[in-house]
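Pasting in a structure now, in structure tokens, and then I'll have a few things to ask.
The values are calculated or read from the model by the stated rules, or taken from the named source; none is laboratory data. Source: prediction; values computed, not measured. Positions of Cβ are backbone-derived with ideal geometry, glycine not excepted, and every protein chain shown enters the neighbour counts. To get the accessible areas, we keep the full protein, side chains included, count just its heavy atoms, and leave off ligands, DNA and RNA. Shrake-Rupley method; radii C 1.70, N 1.55, O 1.52, S 1.80 Å.
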Amino acid sequence: MEPRIIDYIESPQDLHALTNDELELVAHEVREQIVSSASLHGGHVASSLGAVELIIACHAELNCPHDKIVFDVGHQAYAHKILTGRLDRFDTLRTSGGLSGFTSPEESPYDVHWSGHASDALSVALGLARARDLEGGDQHIVAVVGDASISGGMSFEALNQIGQDRERMVIVLNDNGMAISHNVGALARHLSELRASNDYRTRRDALLGTLKKAGPIGRVGVALAESTRNTLKSLLLPGVTTIFEQLGITCLAPVNGHNIAAIRRALRRALASSGPVLVHVVTTKGHGYGPAEEHPKRFHGVGPFDTTTGEVPEKAFLYSDAMVEALMRETANGADTFAITAAMADGTGLIPFRETYPSRYADVGICEEHAVGLAAGLAAGGKRPVFAIYSTFLQRALDQVIIDVALPKLNVILCVDRAGIVGADGATHNGSFDLVYLRMIPNMHIICPSSANELASALHTALALGGPFAIRYPREACEPLAEDLELEIMELGKSQTVRTGDDLAILAFGNMVTPALKAAEALSEQGIEARVVNMRWAKPIDLDAVRSAAETKLVVTLEDGCLLGGVGEAVATEVARLGTKTPVLTLGIPDQFVPHGSISEIHHELGLDAAGIVASINEQLERPAAS
């Protein structure tokens with residue numbers, strides 16, 4: 001390999017000595033490195049490629065880690081990782097023991113905060129700016145926020161205070177017109193209008209130049225114009241005065257996000273200000289790599305791919321696909337459904353539903369709280385809303401689930417995707433907690449299907465029984481729905497025994513049924529006959545199945561979720577209530593944030609694969625019985 005500039009960059013301070021032309025070469029090398037490394041294990045390619053020049057310009061103007069860059073969703077920060085001393089490990093991205101796909105303070109002092117969820121950077125940046133001023137510091141605080149992230153409710157809450165407090169900070173708005181899919185909503189339209197008015201600065205400067213040449217009267221006009229900046233902008237560009245300026249934040253005209261010199265000029269102006277300034281940077285998602293530019297949605301979060309052609313392995317049929325197919329069948333058969341997504345139409349598989357039933361579909365953007373409130377209103381109006389959302393993002397709308405849905409017992413169905421361990425996206429994206437926070441809510445029903453066909457019956461059951469429902473399913477491949485599938489209305493709180501045995505009982509929830517069956521087969525070879533129960537319901541739990549299990553030598557619970565407050569604890573509580581001395585072994589996700597790696601690797605490390613289950617059971621059986 002020929003020598004590269006980036007091979008000699010030990011820290012971002014090394015960028016300060018380079019010219020803009022040399023930085024453009026750095027951008028080319030960084031982009032090649034991102035494509036090469038991400039092709040091995042996958043990653044968030046399109047968003048990171050679009051932010052390369054933006055990140056280089058920031059580091060060329062700042063003195064990090066003294067100055068702080070706060071990324072809103074760190075999957076755009078691959079260039080940042082490469083330029084902050086992690087180039088030699090970049091090929092380990094998203095692998096077990098390797099670099100995180102997001103910013104991580106555990107990895108580097110250049111990473112300010114864990115940035116896996118959208119819309120939090122402005123709040124964090126404002127807090128850093130306030131702390132700096134209280135300490136009498138001089139750090140620059142720069143928040144890099146995507147145009148999708150800035151539409152989230154938390155961003156609006158932060159903007160409200162930033163405009164009021166006017167702390168010295170810079171907001172870099174990375175505007176590529178997309179989240180995963182194209183952005184939706186009025187703010188997206190507003191930003192589009194601003195991009196279209198990119199000649200504002202030229203027209204402003206021309207007018208000010210004319211006024212300055214007009215003698216004393218003209219100079220009075222210049223002073224007046226500069227003191228009434230928003231009025232001037234409204235005069236030149238009627239209708240496009242920015243919402244940010246209305247809130248009290250100075251806005252610079254949009255700049256080309258792939259022109260390092262232009263970004264640096266804008267940043268220097270912003271950093272010299274005594275108050276909050278927004279730098280509007282217009283980028284192209286996937287910039288510089290043809291396949292990602294042509295297919296930005298595919299390359300948002302992609303698995304291994306061919307760098308030459310951009311081809312990716314054929315997509316497996318996932319539980320997400322099964323849910324949407326089941327939903328479309330129900331709708332075709334007369335169910336009065338309405339599908340909702342929070343900027344995750346591709347991830348949750350809802351594209352076919354949107355194309356078939358556009359009037360029964362809403363993408364609310366990165367606004368999970370609003371999505372649940374919208375679902376509540378639809379249900380109050382007689383519709384059957386189905387909100388498809390990743391488990392990790394549903395956490396953001398817990399209050400709305402409790403107050404707006406569960407309290408009035410509305411017919412809202414939460415399709416909780418990516419429940420349990422999700423793999424390469426790691427700690428911020430694992431669906432570890434939904435069983436805990438949903439089980440605590442009165443009136444909530446929770447089904448954990450163990451197959452695609454059972455998922456279809458779970459949806460059919462939720463539509464038939466009514467009330468608040470959560471259907472929980474993993475980020476895993478599954479068999480497609482049977483063409484002639486006979487849907488079942490599951491009896492409330494009733495399990496299904498899938499293997500008989502009287503020595504011990506394994507009560508498995510959702511995707512844990514398969515490893516439970518494999519473990520039971522291995523135990524049988526040891527002369528131990530284990531019953532396996534597909535519990536189906538996490539709430540209400542089948543108490544008859546628990547009582548029957550307590551008549552064996554050992555009750556084992558398996559859940560791909562947090563043990564503290566989980567279904568295993570609920571089973572143990574019921575066994576204790578029975579007054580039996582049967583031990584209960586609860587297996588699941590321990591009290592920790594689980595790092596990234598493949599799902600199979602992590603399940604093995606947590607003892608949630610067949611071998612781990614057998615080992616834990618044998619260890620428990622070898623313990624002396626309680627007296």
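Has segment 86-100 got at least one residue that is in contact with a Ser or Thr (Cβ under 9 Å, 6 or more places away or on another chain), assigned to a loop (DSSP other than H, G, I, E, B), of a type outside the set (Gly, Ala, Ser) and under 19 Å from VAL124 (Cβ atoms)?
no
Looking only at segment 438-460, count how many residues are assigned to a helix (DSSP H, G or I) and either open to solvent by less than 20 Å² (accessible area, probe 1.4 Å) or touching a Lys or Arg at 6+ places or on another chain (Cβ under 7 Å) (or both). So that I can check it myself, show each step before the final result.
Let us first name the residues in segment 438-460 that are assigned to a helix (DSSP H, G or I), namely 438-439, 452-460.
Still in the list and also either open to solvent by less than 20 Å² (accessible area, probe 1.4 Å) or touching a Lys or Arg at 6+ places or on another chain (Cβ under 7 Å) (or both): 438-439, 452, 454-459.
Residues that pass the stated criteria total 9.
Taking GLY288 as meeting all but one of (1) crowded, with 16+ Cβ neighbours inside 10 Å; (2) at pLDDT 85 or above; (3) at negative phi; (4) not charged (D, E, K, R), write down the number of the exception.
(3)
Looking at ILE340, ILE260, which one is touching a helix residue (DSSP H, G or I) at 6+ places or on another chain (Cβ under 6 Å), farther than 30 Å from ALA129 by Cβ and at pLDDT 95 or above?
ILE340
Kindly indicate which of THR586, THR552, THR580 is modelled with pLDDT under 95 and more than 22 Å from ARG475 (Cα to Cα).
Going through THR586, THR552, THR580 in turn, the sole match is THR580.
Among the residues that make up segment 579-596, is at least one of them assigned to a helix (DSSP H, G or I), open to solvent by less than 30 Å² (accessible area, probe 1.4 Å), out of contact with any Cys (no Cβ under 7 Å at 6 or more places or on another chain) and under 26 Å from GLU454 (Cα atoms)?
no
Taking the condition of being part of a loop (DSSP other than H, G, I, E, B) and surrounded by fewer than 18 Cβ atoms within 10 Å (Cβ to Cβ), how many residues in segment 565-578 meet it?
1
For every residue, the table says whether it meets (1) open to solvent by 20 Å² or more (accessible area, probe 1.4 Å); (2) at pLDDT 95 or above; (3) aromatic (Phe, Trp, Tyr); (4) closer than 24 Å to ALA77 by Cα.
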{"residue": "ASP133", "(1), (2), (3), (4)": "yes, yes, no, no"}
{"residue": "ALA143", "(1), (2), (3), (4)": "no, yes, no, yes"}
{"residue": "GLY146", "(1), (2), (3), (4)": "no, no, no, yes"}
{"residue": "SER151", "(1), (2), (3), (4)": "yes, no, no, yes"}
{"residue": "MET154", "(1), (2), (3), (4)": "yes, no, no, yes"}
{"residue": "ARG168", "(1), (2), (3), (4)": "yes, yes, no, yes"}
{"residue": "VAL172", "(1), (2), (3), (4)": "no, yes, no, yes"}
{"residue": "SER181", "(1), (2), (3), (4)": "no, no, no, yes"}
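State which residue is nearest to GLN76 (Cα to Cα) when the search covers only segment 109-131 and only residues that are open to solvent by less than 10 Å² (accessible area, probe 1.4 Å) and among the polar types (S, T, N, Q).
Step by step, filter segment 109-131, then rank; the result is SER115.
Between ILE402, ILE421, ILE441, which is more than 26 Å from TRP114 (Cα to Cα) and in contact (Cβ under 8 Å) with a residue 40 or more places away in the chain?
Checking each option against the conditions leaves just ILE441.
What single numbered condition from (1) surrounded by fewer than 21 Cβ atoms within 10 Å (Cβ to Cβ); (2) without any contact (Cβ under 8 Å) to a residue 60 or more places away in the chain fails to hold for TYR78?
(1)
If you go through segment 101-144, how many residues are part of a loop (DSSP other than H, G, I, E, B), among the aliphatic types (A, V, I, L, M) and in contact with a Phe, Trp or Tyr (Cβ under 8 Å, 6 or more places away or on another chain)?
1
Here is a further query. Could you check segment 296-318 and list, in sequence order, the residues that are aromatic (Phe, Trp, Tyr) and over 18 Å from the mean Cα position of the chain (by Cα)?
The first filter runs over segment 296-318 and keeps only residues aromatic (Phe, Trp, Tyr), leaving 299, 305, 317.
Of everything in segment 296-318, those that are aromatic (Phe, Trp, Tyr) and over 18 Å from the mean Cα position of the chain (by Cα) turn out to be PHE305, PHE317.
Can you say whether LYS553 is touching a residue at least 60 places away in the same chain (Cβ under 8 Å), in contact with a strand residue (DSSP E or B) (Cβ under 7 Å, 6 or more places away or on another chain), open to solvent by less than 50 Å² (accessible area, probe 1.4 Å) and on the phi < 0 side of the Ramachandran plot, as far as the supplied structure shows?
no
Right, something else. What strands (runs of 3 or more DSSP E), lying completely within segment 333-416, carry at least 2 residues that are within 22 Å of GLU476 (Cβ to Cβ)?
Details: elements: 337-341, 361-363, 384-390.
Strands (runs of 3 or more DSSP E) meeting the threshold: 337-341, 384-390.
Something else now. Consider segment 327-347. How many of its residues are over 24 Å from the mean Cα position of the chain (by Cα) and in contact (Cβ under 8 Å) with a residue 12 or more places away in the chain? Quick ask: steps written out before the conclusion?
Step one: filter segment 327-347 for residues over 24 Å from the mean Cα position of the chain (by Cα), giving 328-337.
Next, only the ones that are in contact (Cβ under 8 Å) with a residue 12 or more places away in the chain stay: 328-331, 335-337.
Number satisfying all stated conditions: 7.
Here is a list of conditions, (1) under 22 Å from VAL594 (Cβ atoms); (2) touching a helix residue (DSSP H, G or I) at 6+ places or on another chain (Cβ under 9 Å), and LYS68 meets all of them except one; can you say which number that is?
Result: LYS68 fails condition (1) only.
Restricting attention to segment 85-99, which residues are open to solvent by 10 Å² or more (accessible area, probe 1.4 Å) and either in contact (Cβ under 8 Å) with a residue 60 or more places away in the chain or not β-branched (Val, Ile, Thr) (or both)?
Residues of segment 85-99 open to solvent by 10 Å² or more (accessible area, probe 1.4 Å): 85, 87-89, 91-92, 94-98.
GLY85, LEU87, ASP88, ARG89, ASP91, ARG94, THR95, SER96, GLY97, GLY98 - these are the residues of segment 85-99 that are open to solvent by 10 Å² or more (accessible area, probe 1.4 Å) and either in contact (Cβ under 8 Å) with a residue 60 or more places away in the chain or not β-branched (Val, Ile, Thr) (or both).
Of the residues ALA505, ALA538, ALA530, which is within 28 Å of LEU318 (Cβ to Cβ), surrounded by 16 or more Cβ atoms within 10 Å (Cβ to Cβ) and modelled with pLDDT of 95 or more? Break it down into steps so the answer makes sense when it comes.
On the way: ALA505 fails: within 28 Å of LEU318 (Cβ to Cβ); ALA530 fails: within 28 Å of LEU318 (Cβ to Cβ).
The match here is ALA538.
Go through segment 348-360 and give me each residue that's within 22 Å of the chain's Cα centre (by Cα) and open to solvent by 20 Å² or more (accessible area, probe 1.4 Å). So that I can check it myself, show each step before the final result.
If we filter segment 348-360 for residues that are within 22 Å of the chain's Cα centre (by Cα), which is where we start, we get 348-354.
Those that are within 22 Å of the chain's Cα centre (by Cα) and open to solvent by 20 Å² or more (accessible area, probe 1.4 Å): ILE351, PRO352, ARG354.
Sticking with this structure for a sec: Please verify whether ASP21 is surrounded by 13 or more Cβ atoms within 10 Å (Cβ to Cβ) and either free of Cβ contacts under 8 Å to residues at least 60 places away in the same chain or at positive phi (or both), treating the condition exactly as stated.
no
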